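S.K.: My questions will all concern the structure given below.
What follows is calculated from the coordinates using simple rules that are stated; it is not laboratory data. If you're wondering where the values come from, they're calculated on a predicted model, not measured in any experiment. Quick reminder, even Gly has a Cβ in these numbers, built from the backbone with ideal geometry, and neighbours come from all protein chains shown.
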Amino acid sequence: SSADILDDLASAIAARDPEVGAYLSHDLDAAKVAAADADLSLPLGGIPIGIKDNINVLGQPCTCGSRYLEKGYTSPYDATVTSKLKAAGAIPFGRLNMDEFAMGSSTENSALGRTLNPHDLSRIPGGSSGGSAAAVAANLAIATLGSDTGGSIRQPASHCGVVGLKPSYGRVSRYGLVAFASSLDQIGPLTRSVEDSALVLQAIAGHDSRDSTSLNAEVPDFLSGLNDGVAGLKLGLPNEYFGEGIDPAVREKVEAATKKLEAAGAELVEISLPHTEYAVATYYIIAPAEASSNLSRFDGIRYGHRSSNPDDLLDLYRRSREEGFGAEVKRRIILGTYVLSSGYYDAYYSRAQKVRTLIRRDFEQAFEKVDAILSPVTPSPARKLGENSDDPLTEYLSDIYTIAANLAGICAISVPCGTVPADGDKQLPVGLQILGPHLGEAKLLRIAKSAE
Ligand code: GLN
């Protein structure tokens, strides 16, 4: 029963979360009350779901991993994904740690706590949805929601050995997700299995008049064809994603996964995505530009932190932001305002938009020849804590395989494909990334199911 599930979850969280640090907060008592009248006939009836701390749930905190929103903000409304989960019978009960405002790849940029990789506590869980991935991996949640702007669902899923899906842009409403880069952000599920991923996507997908970028497209049944296999499908292997820079042990696991799909009847086809090398640079112009604009709402007046004893209004803005934001967030705002400023806009921002179009066309051309594309999720398994703390550039480069999907707006999933040895007898998970055309989630999930 739902009450039993919650009791098990409560004891698992009490036993393991002090060590893993996936949750920033939770309310299991309220969840138990909700569980008592759960309608078990609904698709997610009575299932507790953990939520990344940048998605609004009425009455719960929504800190975005930031000092800025740590105190003084309680969600006054449900995000659309939250109301949809509730309508499907699920119980959103806990808030998961994340890099501040989703900026990062390790969850080390959270101002509010540390999350460790359950497979090796000396390592990062990935990020920015590190809490969402670690919770599922450590059996501290059945399913969670994350957000993915440049890999933040798929990369932590890969590092923690769980399934992470970034839906196509427009498939899932962003209403109630605290915006990082609005043209790239999507909410998606992190789960233990591909079937669970399909179930959660089914619940949260669909048009929403409150998000003007949500698409009025039919939502197919993601579960019915899940076991149809890959016989006859063409799967592309982009040579740019298997070249230099990838850890040989990771490459071996990913290649073995592609061979498994071939053995199941798929045809592997070598393809090229020629603008791949520009993806990181393009993303780190567009994402900070949008972030600098989105984060202007944190002015010391409307939400969360307000500096005390300011000299005047300008000083209130300045000091509230200085005190409330961490270093990475400030770095992104400075980068973003720079690339948008007069005199630099054409050289950086407009140029990046043009390259973004070329990246999208690479995928459109590839999907004329293949049904989906296979690649690694990350060049290496989860790194040690603290390793890139004064080297943001190296950290940005690790997003190389995930960010093109956001720039192109297509769907992509990370599925566990084995482990590689680490220190002592520890094993670290590796993920296979499968990329599908825009709104191609049904087939994407079906291929993922065969790769599982
Ligand atoms: N690591 C990337 C960044 O720092 C992506 C983050 C995300 O997807 N939210 O911007």
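S.K.: Label the range 17-174 by shape, choosing from rounded, prolate and oblate, from the square roots a ≥ b ≥ c of the eigenvalues of the Cα gyration tensor; if a/c is under 1.5 it is rounded, and otherwise prolate applies when a/b is larger than b/c, oblate when it is not.
M.R.: rounded
S.K.: Could you tell me whether the range 156-233 comes out rounded, prolate or oblate from its Cα gyration tensor? Rule is a ≥ b ≥ c as square roots of the eigenvalues, rounded for a/c under 1.5, then prolate if a/b exceeds b/c, otherwise oblate.
M.R.: Numbers: a/c = 2.20, a/b = 1.36, b/c = 1.62.
Oblate, because a/c is 1.5 or more while a/b does not exceed b/c.
S.K.: Once you place label points 7 Å from the Cα toward the Cβ at GLU218 and SER341, how far apart are they in nm?
M.R.: 5.1
S.K.: Continuing with this model, one more query. For SER380 and SER308 in one chain, what is 0.36 nm times their gap in residues minus the Cα-Cα distance, to one decimal in nm? Can you show the working numbers first?
M.R.: Details: separation 72, 0.36 × 72 = 25.92 nm, distance 4.47 nm.
Length difference between fully extended and current span is 21.5 nm.
S.K.: I would also like to ask the following. Counting only residues 5 or more places away or on other chains, whose amide H sits under 5 Å from the amide H of ARG123 once H atoms are built in the peptide plane?
M.R.: Close amide H contacts, sequence-distant or interchain: ASN117, LEU385.
S.K.: Can you give the calculated 222 nm mean residue ellipticity of the chain, where each DSSP H run of n ≥ 4 adds -39,500 (n - 2.57) and the sum is split over every residue, rounded to the nearest 500 deg cm²/dmol?
M.R.: -11000 deg cm²/dmol
S.K.: Let me know the shape class of the range 356-401, please: from the alpha-carbon gyration tensor, a ≥ b ≥ c as square roots of the eigenvalues, rounded when a/c is under 1.5, otherwise prolate if a/b is greater than b/c, or oblate.
M.R.: Numbers: a/c = 7.32, a/b = 2.20, b/c = 3.33.
Oblate.
S.K.: Tell me, Kirkwood radius of the range 320-450 from alpha-carbon pair distances, in Å?
M.R.: Values: mean 1/r = 0.0566 Å⁻¹.
Roughly 17.7 Å, rounded to one decimal.
S.K.: Based on Cβ point charges of +1 for Lys and Arg and -1 for Asp and Glu, what charge dipole magnitude is obtained for the chain about its Cα centre, in debye rounded to the nearest 20? Before the final figure, lay out each step's value.
M.R.: Values: 42 positive and 56 negative charges, 121 e Å.
Charge dipole of the chain: 580 debye, to the nearest 20.
S.K.: Can I ask one more? Out of residues 5 or more away from CYS417 or on other chains, whose amide H comes under 5 Å of its own, with H placed 1.01 Å from N in the peptide plane?
M.R.: HN-HN under 5 Å from CYS417: VAL430, GLY431, LEU432.
S.K.: Based on alpha-carbon centroids, what's the gap between the range 63-120 and the range 159-214 in Å, whole number please?
M.R.: Answer, in whole Å: 14.
S.K.: Moving on. Could the peptides 213-220, 94-101 be put in order, highest first, of the mean number of other beta-carbon atoms found within 10 Å of their residues?
M.R.: With the highest mean Cβ count within 10 Å placed first, the list reads 94-101, 213-220.
S.K.: Could you calculate the contour length gain from ARG361 to GLU452, that is, 0.36 nm times the residue separation minus the distance between their Cα atoms, to one decimal place in nm? Show your work: numbers first, answer last.
M.R.: Details: separation 91, 0.36 × 91 = 32.76 nm, distance 2.94 nm.
Separation in residues times 0.36 nm, less the Cα-Cα distance, equals 29.8 nm.
S.K.: If you don't mind, there's one more thing I want to ask. Which residues' amide hydrogens lie under 5 Å from the amide hydrogen of GLY236, considering only partners 5 or more residues apart or on another chain, with H built in the peptide plane?
M.R.: VAL269, ASP371, ALA372, ILE373, LEU374
S.K.: Turning to a different aspect of this structure: Quick one: pull the percentage of alpha-carbon pairs in the chain with a separation above 30 Å. Don't skip to the end; give the middle numbers.
M.R.: Working: 40070 of 101926 pairs.
More than 30 Å apart: 39 percent of the Cα pairs in the chain.
S.K.: Separate question: Anything over 32 Å Cα to Cα? Flag those among LYS86/LYS260; LYS86/LYS330; LYS234/LYS354; LYS52/LYS384; LYS234/LYS426; LYS330/LYS369, in the order listed. It would help to have the intermediate numbers written out before the result.
M.R.: Values: LYS86/LYS260 37 Å; LYS86/LYS330 35 Å; LYS234/LYS354 29 Å; LYS52/LYS384 23 Å; LYS234/LYS426 35 Å; LYS330/LYS369 42 Å.
Check vs 32 Å cut-off fails for LYS86/LYS260; LYS86/LYS330; LYS234/LYS426; LYS330/LYS369.
S.K.: Another question about this same structure. Want the number for ARG331 to SER293: 0.36 nm per residue separation, take away the alpha-carbon distance, what's left?
M.R.: Stretched out fully, the ARG331 to SER293 stretch lengthens by 12.3 nm.
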